[in-house]
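Notes follow the structure.
Each reported figure results from applying straightforward, stated rules to the coordinates on display, with no laboratory input. Owing to the predicted nature of the structure, the values given are computational and were not obtained by experimental measurement. No Cβ is skipped: glycine too gets one built from the backbone with ideal geometry, and neighbour counts run over all protein chains shown.
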Amino acid sequence: MSDILLLEASGLSIYKQGRTLVDNASLRLEAGKVVSLIGPNGAGKTTLVRALMGLVEINEGYISASKGLQIGYMPQKLNLDASLPISVKGFLSLNQNSNREHFLHCAQISDVDCIFSRPMQSLSGGELQRVLLCRALLKKPQLLILDEPAQGLDVNGQAELYQLIAQLRDELNCGVLMVSHDLHFVMAATDEVICLNQHICCHGHPEKVSAHPEYLKLFGHNQASNVALYTHRHDHQHGVHGELIENCNHKH
Amino acid sequence: MLEILLAPILTGIVIALLAGPLGCFIVWRRLAYFGDALAHSALLGVAIGLILQVSTQLAILFSCVILAISLAQIKQHGELSSDTWLGVLSHGSLALSIIAISLAGAGRVDLYGYLFGDLLSASLVDVVLISACAVALGLYLWRCWDSLICICLNEDLARVEGIAVSRHKLLLMLAIAFITAMSMKLVGALLITALLIIPAASARSFAKSPGQMALIAMASALIALGIGMYASYQWDMPTGPAIVAAACMLFGLSKSSTIFKQAD
């Protein structure tokens, strides 16, 4: 079931004004699998993801998507000008012709039904992320693409969001590709990690990647030990929710 | 009396109705500077029309459309930001057109009329032409409203959701170019942007959704038109500035009403 290929990219290279943004990157996205794309700032993560969605021109290589692939995209942010009056419900209903039941179901999963009437401008970072996720889900996506979904969230909010994403993957059996640079959380919520710095430095199972010399070179031993700390913390996450944060603060 | 005023009044109403929604997009997408550049290039159209001895209306429309298309190209890349480009084009064309109009049309052309509007020169043919354009634009806005709002919020998201973003952006710019060309007679080149922006800005305080804001902006533009035309008829004020002054008055009222609301 989990081997259904959704999108495959092979040998992608993207240049802009003489600079190489992405160099010979290949990846496969499958249904039911969470793939995380990590890398330092300016590593070309967002460019690669935008190329996969057909938003950026590719100079070399090819992308093949399964026929009629529905992509749900969750951008980093919206250009919400204060002069545009729009409520959460208004935003979610734009160009939407799905039935009411599906609409409410998506709102429930992403926990936005209680903020329907709030203006979009008044949302906190976490609430906005959930609204964007809900919009992505409304399209009944086979592939969810999330660009820095945890940006601007506190530790608690991040844990909740990644849990929600894992839950969605199980429920919808969709593929997930997320861009991130906070390593320790990503590692636990992921089936495969791709470490990008223009080219793909290393990829594979999170445990394997975190021990890879290229990875250590890129993020340094300091960050890598954060990951070790995380593997330790993983045991605690199954316990009481609040305990995790306390533990974390204690260790630092 | 009525026959003389009928064409100007109808022209004003059609433009006010379109200025509502288009003005909202100018406010939401921060295109105020773009509107100014268009208005000045309309003036350049007047100059071209004079020099080539073709219809001024057509020349105005032509130069607005050319500017809109070329700006759509420039905006995407380059070292200079788009507002710098707009500043260069806008004031460059203003200066050029004033020179050209003064030289080529000395004694024949009422420059004042093009700068501040000359509504009484509107004819019934104008009304028919403007109404035809307005119906087409109105239908477009009505049908693609949701897509246009999506583009305002996030272009990448809109693209992934299957909206033809570049085409809509170009069409929106062309729509603004059209209304600019059409409003030359109503308020003149220097006040066109004001007519677009001020009603939309007044509508913001009362609107809960984008659609509502457009409708309130339409109403506010119509009221400003009414007051301005009446004042112009009654006290012999220049019509264009009177309309814009009335719109400013409504804006002041809307702002003070929100201040009172907050005080409660």
Give me the percent of DSSP beta bridges within the protein assembly as shown that run antiparallel, rounded to the nearest 5.
50
For B:Lys169, the aspartates and glutamates lying under 19 Å Cα to Cα, once residues fewer than eight places off in the same chain are dropped, come out as A:Asp81, B:Asp36, B:Asp83, B:Asp146, B:Glu155, B:Asp156, B:Glu161
Charge tally for neighbours of A:Ser10 with beta carbon under 14 Å away, counting Lys, Arg as +1 and Asp, Glu as -1, is -2
Most exposed to least, judged by fewest other Cβ atoms within 10 Å, A:Phe91, A:Phe116 sort to A:Phe116, A:Phe91
Neighbourhood net charge (12 Å Cβ-Cβ; Lys/Arg +1, Asp/Glu -1) for A:Ala82
+1
Please give me the summed charge of the neighbours of B:Pro8: other residues whose Cβ is under 10 Å from its Cβ, Lys and Arg +1, Asp and Glu -1.
-1
What are the lysines whose alpha-carbon lies under 27 Å from the alpha-carbon of B:Lys255, with same-chain residues fewer than 8 places away excluded?
A:Lys89, B:Lys208
What percent does the relative contact order of segment A:81-140 come to when contacts are Cα pairs within less than 8 Å and at least six residues apart?
47
Ranking request for peptides B:44-52, A:98-106, B:91-99: highest mean number of other beta-carbon atoms within 10 Å first, then the rest in descending order.
B:44-52, B:91-99, A:98-106
What ranking of A:Leu21, A:Leu146, B:Leu196, B:Leu120 emerges when the number of other C-beta atoms within 10 Å of each C-beta is taken as an exposure proxy, fewest first?
B:Leu120, A:Leu21, A:Leu146, B:Leu196
Normalised contact order of chain B, rounded percent, pairs of Cα under 8 Å and 6 or more residues apart
31
